[in-house]
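See below for the structure under consideration.
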Amino acid sequence: MAEQVDDKSPLTQPFNIRDCALVSMATGYKAQNLREFKEGLLRVPEGSIYHHFWGRFLEPQFDEPEYSNDFAAWVYHRLNEKALAEKLSVIDPADYEDIESVRQELVERVEDRLYENEFVPWTRADEQFYFVRSQIVVLDTGRYLEIPSDLPSRVPEMTIGSIFYHFIDARKRTEDRSDDFSAWLTGWGDKYNDLRLKLMAVDPFFSSLKELRFMVTRVLEEYFGGGNS
Amino acid sequence: MNELLDRYAEVAGRDVVNHLYQLAAPLKGMKVVHVNSTKEGGGVAEILRKLVPMMEALGLDVKWEVLEGSPDFYQCTKGFHNAIQGFPVELSEAMLEAYETVNAENAERLRPVLEEADFVFIHDPQPAPFLNFCPNRRGKWVWRCHIDCSRPYRPVWKYLKNWIQDYDASIFSLAQFAQLLPHPQYLIAPSIDPLSEKNIDLPEDEISEVFDQFGLKPDLPLILQVSRFDRFKDPLGVIEAYKQARKMVPLQLVLAGGGATDDPEGEKVLDEVRKAAEDNEDVHVLLLPPDAHRTINALQRASDIVLQKSIKEGFGLTVTEAMWKGKPVIGGDTGGIRLQVVDHFTGFRVRSPEGAALRIRYLLHRTDRLEEMGIRARRLVLENFLLTRHLREYLALMIGVLHGLEDRIDMVQ
């Protein structure tokens with residue numbers, strides 16, 4: 001367990017809790033077969049690639065998704081291409097420099113499959129893949145965390161929009177492609193390295209945001225000892 | 001916190017309502033007008049009845065206006081409704097003229113309110129031409145389509161598109177419903193109101209009262225479909241599924257429907273349904289008045305399984321309502337039912353009466369699975385399909401429309 005008394009860091013500002021809401025938009029691109037899917041991947045705006053990896057967290061979903069992104073799920077469920085679905089599912093956008101590189105990786109894996117296969121896999125007209133993008137509205141809640149030991153009591157009160165912003169959306173904003181909490185903790189030097197590593201080990205891909213909030217809270221409570229510090 | 005929103009916080013969570021306050025802050029004081037074609041009957045009126053006071057509670061200045069039509073007008077708009085859902089419908093010049101005249105007259109009546117609004121939400125095709133009759137409008141106009149628009153009948157869609165294309169944005173319930181239009185198309189699924197008469201918790205005795213009220217047998221499994229008597233809801237297919245399942249398991253079926261004031265075709269379908277049901281004492285066809293919300297609530301809670309065997313469906317709010325009450329749903333594999341009925345998790349999606357019969361038998365046999373699916377169904381609705389989520393997306397959309405097409409709108413000062 002970490003020590004429970006800590007001071008404000010001279011190196012960092014208080015943590016500004018933000019919130020966000022997301023609304024989905026049609027892109028006009030859709031695919032009924034793997035070739036159209038590749039074309040769609042090439043043409044859709046970057047926001048659509050982002051949406052199908054991350055934005056979907058703020059959309060209706062069941063909390064035990066088999067695949068980590070919408071592309072892989074469709075390729076498996078509608079085209080019955082299990083191997084390709086697995087290859088698409090292991091793509092973690094945090095491993096790539098930007099969304100363009102993620103797009104290229106997706107396209108390459110689909111192209112490989114098209115090259116291997118003599119037939120282009122198809123699905124029914126009413127089971128097409130619809131490329132969607134989203135608009136994200138970021139808000140200031142006006143609330144702050146002063147010291148890391150505030151985290152275990154404040155994270156459970158956060159909206160799922162805040163969890164999305166600080167834990168998911170942060171992956172494209174923070175230097176080490178992690179979450180905002182971990183990034184903030186670097187302001188205390190090495191003091192919270194253990195906690196940072198634990199937070200960074202939380203895999204957000206297979207949970208709903210409510211579950212994710214619970215998982216992050218559990219890590220924080222374990223670290224700070226019940227969240228009463 | 002406002003008393004109304006406080007009540008939603010109790011059901012949906014305090015964090016959810018706090019989020020709404022955050023989002024509404026930049027929109028405070030803005031004038032918003034919703035226009036649709038009826039105050040009673042149909043999902044749109046049900047949503048607006050609560051969405052409007054909630055927006056008001058968040059500090060927006062909201063009005064709900066209703067278009068007043070003639071029988072010719074409703075005949076025409078029913079034709080639009082069917083055509084948007086893909087049925088070939090021929091509309092005469094006279095019908096279109098009635099449509100345009102009613103719109104011109106209503107727009108004239110409402111023009112001062114509409115032209116000074118910051119946001120106007122026009123629901124469905126009935127009042128779509130309003131925009132063209134308000135040349136001095138100053139706000140943003142959004143057309144909200146609640147209908148399954150995945151394969152609209154082209155000639156009718158081309159006509160309607162002329163009225164819709166000049167809007168600042170449109171909203172469809174699902175991505176597959178979106179059409180090629182020269183403005184942003186938002187995707188917002190509808191929702192249910194957990195505090196409405198139709199969805200609030202009921203005392204046990206009120207639930208069991210429906211057995212006496214409608215001559216149902218308390219010891220027989222009850223399956224239910226609640227919907228208008230409309231071909232797209234396939235009530236005849238439900239009776240067929242019941243007949244097939246009945247060969248293997250004893251059960252009773254209730255088909256409960258209400259009429260909406262803008263649906264002249266319902267009577268005809270109801271006659272066909274009554275005929276198909278006439279030799280079956282355990283099939284009950286109930287035509288309920290539009291305000292029978294508590295009765296529908298009790299029927300849904302009294303049921304073992306709820307069906308929504310639609311062939312076409314916009315979203316299927318009756319599915320959401322049933323799931324909220326912890327019932328697994330056997331639904332048609334179409335439209336918004338797909339978003340709600342997660343096959344094998346919250347119910348089953350079927351494509352035929354045979355498929356529905358098979359799943360009815362399965363769930364009545366595997367009551368452990370029935371219960372499990374019911375619990376999951378309620379959770380899916382709690383997290384995704386309550387009015388609070390719907391309102392959140394409207395507010396985000398309003399901020400989005402004010403900021404153009406940017407992916408990220410940073411309201412942090």
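Points to keep in mind about this one:
- Taking the inverse of the mean 1/r over every pair of distinct Cα atoms in chain A gives a Kirkwood hydrodynamic radius of 19.0 Å.
- Radius 13 Å from Cβ of A:GLN32, net charge of other residues (Lys, Arg +1; Asp, Glu -1): +1
- Peptide B:96-102, shielding by other chains (average Cβ, 10 Å cutoff): 0
- Whether the stretch B:260-334 is rounded, prolate or oblate, judged on the alpha carbon gyration tensor where a/c under 1.5 counts as rounded: rounded
- Taking the Cα centre of the protein assembly as shown as reference, the dipole from Cβ charges on Lys and Arg (+1) and Asp and Glu (-1) amounts to some 780 debye.
- Contact order relative to length of chain B, as percent, for alpha carbon pairs under 8 angstrom and 6 or more apart: 15 percent
- Value of Rg/Rh across the stretch A:100-229 [Cα atoms, Kirkwood radius]: 1.11
- Diffusion coefficient, µm² s⁻¹, Stokes-Einstein with Kirkwood Rh over alpha-carbon pairs of the stretch B:110-232 at 25 °C and 0.890 mPa s: 137 µm²/s
- Shape category assigned to the stretch B:95-173 from the gyration tensor of Cα positions, a/c cut at 1.5: oblate
- Mean residue ellipticity, 222 nm, helices only, chain A: the sum of -39500 (n - 2.57) across DSSP H runs of n ≥ 4, divided by residue count and rounded to 500, is -11000 deg cm²/dmol.
- Over the stretch B:6-138 - Rg/Rh using Cα atoms and the Kirkwood inverse-distance radius: 1.05
- Amide H contacts under 5 Å for B:LYS140, placed H, 5+ residues apart: B:PHE119, B:VAL120
- Counting beta carbons within 10 Å around each of A:TYR67, B:TYR159 and listing the fewest first gives the order B:TYR159, A:TYR67.
- From the C-alpha gyration tensor of the stretch A:49-141, square roots of 5λ in Å: 25, 17, 12
- Size descriptor, Kirkwood hydrodynamic radius, that averages inverse alpha-carbon separations across the stretch B:300-339, Å: 9.9 Å
- For the stretch A:9-106, the convex hull drawn through the C-alpha positions has a volume of 146 cubic angstrom per residue.
- Enclosing the Cα atoms of the stretch A:89-145 in their convex hull gives a volume equal to 166 cubic angstrom per residue.
- Peptides B:74-86, B:197-209 ranked from most to least packed give B:74-86, B:197-209, packing being the mean of other C-beta atoms within 10 angstrom over each peptide's residues.
- Centroid-to-centroid separation of the stretch B:356-392 and the stretch A:138-165 [C-alpha atoms, Å]: 32 Å
- The stretch A:67-117: proportion of alpha-carbon pairs further apart than 13 angstrom, %: 55 percent
- Compactness ratio for the protein assembly as shown: Cα radius of gyration over 2.2 N^0.38 Å (N = residue count) comes to 0.99.
- Positive-pole candidate from B:VAL269, B:GLY332, B:GLY258, dipole of chain B, charges at beta carbon: B:GLY332
- Degrees separating the helix A:209-224 axis from the principal Cα axis of chain A, which is the longest one: 30 degrees
- Residue order, fewest to most beta carbons within 10 Å, for A:VAL75, A:VAL138: A:VAL138, A:VAL75
- Long-range lysine pairs (8 or more apart or interchain), chain A, Cα under 25 Å: 13
- Global form of the stretch B:192-336, assessed from the alpha-carbon gyration tensor, a/c cut-off 1.5: rounded
- Listed by chain and number, the lysines placed with their C-alpha closer than 18 angstrom to that of B:LYS309 are B:LYS233, B:LYS243, B:LYS327; residues fewer than eight positions away on the same chain are left out.
- The stretch B:302-408: C-alpha pair distances exceeding 17 Å, %: 54 percent
- Average partner coverage of A:125-136, which counts Cβ from other chains inside 10 Å: 5
- Computed over chain B, Kirkwood Rh from alpha-carbon pairs, angstrom: 22.1 Å
- Ellipticity estimate at 222 nm from DSSP helix runs (n ≥ 4, -39,500 (n - 2.57)) divided over chain B, nearest 500: -14500 deg cm²/dmol
- Under 5 Å from the amide H of B:ILE311 lie the amide H atoms of B:LYS233, B:ASP234, each residue being 5 or more positions distant or on a separate chain, with H modelled from the backbone and absent for Pro and chain starts.
- Set of lysines near B:LYS31 by C-alpha distance (under 21 Å), chain-local residues within fewer than 8 positions excluded: B:LYS39, B:LYS50, B:LYS63, B:LYS140
- Volume of the convex hull of the stretch B:183-273 (Cα atoms only), normalised per residue: 178 Å³.
- Among the residues of B:13-26, the average count of other protein chain beta-carbon atoms within 10 Å of the residue beta-carbon is 5.
Each value in this text was obtained by applying a stated rule to the coordinates, not by laboratory testing. Keep in mind that what you see is a predicted model, and the values were worked out from it rather than measured. Every residue, glycine among them, receives a Cβ derived from its backbone with ideal geometry; neighbour counts consider all protein chains shown.
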